[in-house]
Amino acid sequence: MQYAGFATQLVVVLLLAVYGGTWLDKKAGFRKPLFVWLLPLFLLIGMLIKLVRDLSKKS
């Protein structure tokens, strides 16, 4: 059940990151989608680090 919660959290965070990146790109006036790529990438890296730390504590 714990990993189902993590998967749901991952989907929600990615959707919010894409929406926020789109908003930031429009606000900044970029022609190419810079924040749409960067925000989800950084959030994925952060969540993977969190997952590895959580799993290493249990071992």
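Throughout, read-outs are computed from the coordinates displayed, never taken from laboratory work. These numbers come from a predicted model, not from an experiment. Note that each Cβ is placed from the backbone with ideal geometry, even for glycine, and that neighbours are counted across all protein chains shown.
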Inset, instruction - State the number of residues belonging to segment 1-57 that are β-branched (Val, Ile, Thr) and either touching a Pro at 6+ places or on another chain (Cβ under 9 Å) or in contact (Cβ under 8 Å) with a residue 40 or more places away in the chain (or both). - result: 3
Legend entry - residue 31, sole failed condition from (1) out of contact with any Phe, Trp or Tyr (no Cβ under 8 Å at 6 or more places or on another chain); (2) surrounded by 11 or more Cβ atoms within 10 Å (Cβ to Cβ): (2)
